[in-house]
Amino acid sequence: MSTAQARPQAPAHPLRWYVLRLIVVAVLAVFLVQALFPFVWMAITAFKRDSDLYNPTHNPFFFNEPPTLRQFSILFHETKFSHWVVNTAWIGLLTVIITLALSVPAGYALARLRGRLGQQLAIAIFLTYLIPPTLLFLPLSQVVSWLKLQDNDWALVLTYPSLSVPFCVWLLMGFFRSLPQELEEAALVDGAGRLSAFTRVLLPLALPGLLTVVIFTLTVAVNEFIYALTFVSISDLKTVSVGVPTDLIRGDVFFWGAIMASALVVSLPVALLYNAFLDRFVEGLTAGALR
Amino acid sequence: MAKPVSETAVPLIRPEAAVARPKRAIPWEFWLLLPAVIYIFLLIGFPLILSIYYSLSHISVGRRDFSFAGLANFRAILHDGIFLQALRNTVLITIAVLVIVLILATILATILAARFRGRAVVRYLLLLPWAAPVVMSTIAWKWIFDSQYSVINWVLRQLHIIGPYEFPQWLGVPKLAIISIIMVQVWRILPFATVITLAGVNAVPKELLEAALVDGAGFFTRLFQITLPMIRPIIGVAVLFTALFTFTDMAVVWILTRGGPYNSSHVLASWAFQVGIVAGDLAQGAAIALFMLPVLAAVAVWVLRLASREVTE
């Protein structure tokens, strides 16, 4: 790994340059190890036998006994993990649909609203993104009980979009703004209605933005913890992120092999997917500060 | 089934849509905004108001007593040692995470701003902790900190830093529990702060740095005299969200320690959950959670200032 310390001036001090490069590589290696270690640890643990896992004389980094898929079979056959995955999936899907239905029109409208008012509305909506669920879960628990939705996954379908809509409106507003308005005006001049100009001309162009919203919202649904913990306490109805820590970790009884198997199964796809879109989210967050 | 008429392909002429906007007082944009605004009000604005109201009432899960309690809840929690500890922990954890993350993110962003082979891969791998679901990675950390099989302790024992029969209880000793929480939060938020800082570093005009290089400015001169001052606004964004995400988080604390041992590692969010949901005292829980508001308000003001800067420039 060569670094860009390889500047034209480098050959002037070859030794100093190599030392510097070595230091940079070493620092980067330390960062990489700390970033990846928990994932490596999930993987090592998930494929180990219990007798290997819980033997203090064994080197925990090696497979002292042959690897096994037993932990995964425990996870899928002897726990409610597959229920939780299914619950998370359909709750996530509905959350995505509601989020799109609310934030696409709103984002488009904000992109087209001229003047101070549009700006102020956009900022007001973004500010609601800053209000954390840890502040709202108590009153919402009452709202959920007024609606008779306690221990019901629909409580999560109702509340999860509130975690995604504000940010997605903001993201989509930026996205629609970046599309040339002439395209839309050309369609309008050609006689298309505003709706068809929007669906036929703008929406296809906005597909990357919509995809970003879908990924962001799905990860919100998988990540969310406090609402799911507060509103749903029946084991069968839990989502992955509450089911695993509350049902698989019970008092002093741990199934670390199966737990790490679940962490691996959930983390990897979500992390790989979300990572690919991270730059777009950062663009959304830093919109004002980079100019 | 509709007949396969080709007229759908021909745009119908709707002069009123294209030419003049109807003389309605409310522009169409507002109707498109309305559903989102109503939803946000009902699910965010209204609960926020409700939580302020709850904090001033006697409401609890069993008792529907909405009667006004004045500041009784706040007076009660301010005399509660666990609450004060939780408040201290929240502030301490946030400040510690903020300082560590800012320093590390600056180092990491400076390295990643350089071009080198495999940079894309390195960057992708470094971002994984932020991209992974927080609950799942925190569970992995809980296992790493395990009381008997902690891999950290195993390594420390192999290196003879601790004795062969020593088992530091990472999550079982108050001080170590707080340190563990800080470690996990730093691990989780560092990638996020790094990408934001990196976006700023990349936006610094190359000519400026090259001119400084020609003038003989060393690496640190360039970093402290040019790059860091220029990316101050974006570092502000990193500070803002790092503080916000740490200050209001509950998942990491709840999964790692549940506020233990002896309620020593609670933060505002986890203590509000304990009091409001587990113990059922909604009024006091709401009062505890509301102690997050001053920080949120500060963050909001900051965002507004950034936004107004954008408008005026």
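The values are calculated or read from the model by the stated rules, or taken from the named source; none is laboratory data. Here the structure is a predicted model, which is why all the values come from computation and not from measurement. FYI the Cβ positions are ideal-geometry reconstructions off the backbone, even for glycines, and counts take in every protein chain you see. Accessible surface areas use protein heavy atoms only, side chains included; no ligands, DNA or RNA. Shrake-Rupley method; radii C 1.70, N 1.55, O 1.52, S 1.80 Å.
Only one residue in A:L102, A:L130, A:L113, A:L156 is within 20 Å of B:M250 (Cβ to Cβ), facing chain B (nearest Cβ under 7 Å) and of a type outside the set (D, E), so which one is that?
Only one candidate passes the filter, namely A:L130.
Which one of the conditions (1) surrounded by fewer than 20 Cβ atoms within 10 Å (Cβ to Cβ); (2) without any contact (Cβ under 8 Å) to a residue 60 or more places away in the chain; (3) assigned to a helix (DSSP H, G or I); (4) within 13 Å of chain B (Cβ to nearest Cβ) does A:V85 fail to meet, given that it meets all the rest?
Failed condition: (2).
Keeping to segment B:242-258, report how many residues are at the interface with chain A (Cβ under 10 Å from one of its Cβ atoms) and polar (S, T, N, Q).
Of the residues in segment B:242-258, 1 are at the interface with chain A (Cβ under 10 Å from one of its Cβ atoms) and polar (S, T, N, Q).
If you go through segment B:96-110 one residue at a time, do you hit one that is within 9 Å of chain A (Cβ to nearest Cβ), out of contact with any Ser or Thr (no Cβ under 6 Å at 6 or more places or on another chain) and surrounded by fewer than 20 Cβ atoms within 10 Å (Cβ to Cβ)?
Scanning segment B:96-110 turns up at least one residue that is within 9 Å of chain A (Cβ to nearest Cβ), out of contact with any Ser or Thr (no Cβ under 6 Å at 6 or more places or on another chain) and surrounded by fewer than 20 Cβ atoms within 10 Å (Cβ to Cβ).
Yes or no: segment B:121-142 includes at least one residue that is open to solvent by 10 Å² or more (accessible area, probe 1.4 Å) and out of contact with any helix residue (DSSP H, G or I) (no Cβ under 8 Å at 6 or more places or on another chain).
Checked segment B:121-142: at least one residue is open to solvent by 10 Å² or more (accessible area, probe 1.4 Å) and out of contact with any helix residue (DSSP H, G or I) (no Cβ under 8 Å at 6 or more places or on another chain).
With A:L179, A:L195 as the choices, which residue is touching a Leu at 6+ places or on another chain (Cβ under 7 Å) and either within 25 Å of A:V96 (Cβ to Cβ) or not polar (S, T, N, Q) (or both)?
The conditions single out A:L179.
Out of all the residues in segment A:258-280, which are closer than 21 Å to A:L248 by Cα and of a type in the set (G, A, S)?
Correct list: A:A258, A:A261, A:S262, A:A263, A:S267.
Looking only at segment A:248-284, which residues are open to solvent by less than 20 Å² (accessible area, probe 1.4 Å), more than 8 Å from every other protein chain (Cβ to nearest Cβ) and over 30 Å from B:G200 (Cα atoms)?
Result: A:L248, A:G257, A:A258, A:A261.
What residue, of A:L22, A:L93, A:L110, is at pLDDT 90 or above, within 30 Å of A:T217 (Cβ to Cβ), part of a helix (DSSP H, G or I) and open to solvent by 40 Å² or more (accessible area, probe 1.4 Å)?
After ruling out the rest, the residue left standing is A:L93.
For segment B:262-279, give me each residue that is open to solvent by 20 Å² or more (accessible area, probe 1.4 Å) and either more than 24 Å from B:I100 (Cβ to Cβ) or at the interface with chain A (Cβ under 7 Å from one of its Cβ atoms) (or both).
B:Y262, B:N263, B:Q274, B:I277, B:V278, B:A279
Can you list the helices (runs of 4 or more DSSP H) found entirely within segment B:99-166 that contain at least 2 residues being over 29 Å from A:H58 (Cα atoms)?
On the way: elements: B:119-131, B:134-144, B:151-158.
Hits in segment B:99-166: B:119-131.
With the condition kept exactly as written, say whether any residue in segment A:200-215 is within 13 Å of chain B (Cβ to nearest Cβ), open to solvent by less than 40 Å² (accessible area, probe 1.4 Å), modelled with pLDDT of 85 or more and under 23 Å from the mean Cα position of the chain (by Cα).
yes
Take B:G236 and tell me if it is in contact (Cβ under 8 Å) with a residue 12 or more places away in the chain and either more than 8 Å from chain A (Cβ to nearest Cβ) or surrounded by 23 or more Cβ atoms within 10 Å (Cβ to Cβ) (or both).
The answer is no for B:G236.
Given (1) part of a helix (DSSP H, G or I); (2) open to solvent by less than 20 Å² (accessible area, probe 1.4 Å), identify the lone condition not met by B:T221.
Status for B:T221: all satisfied but (2).
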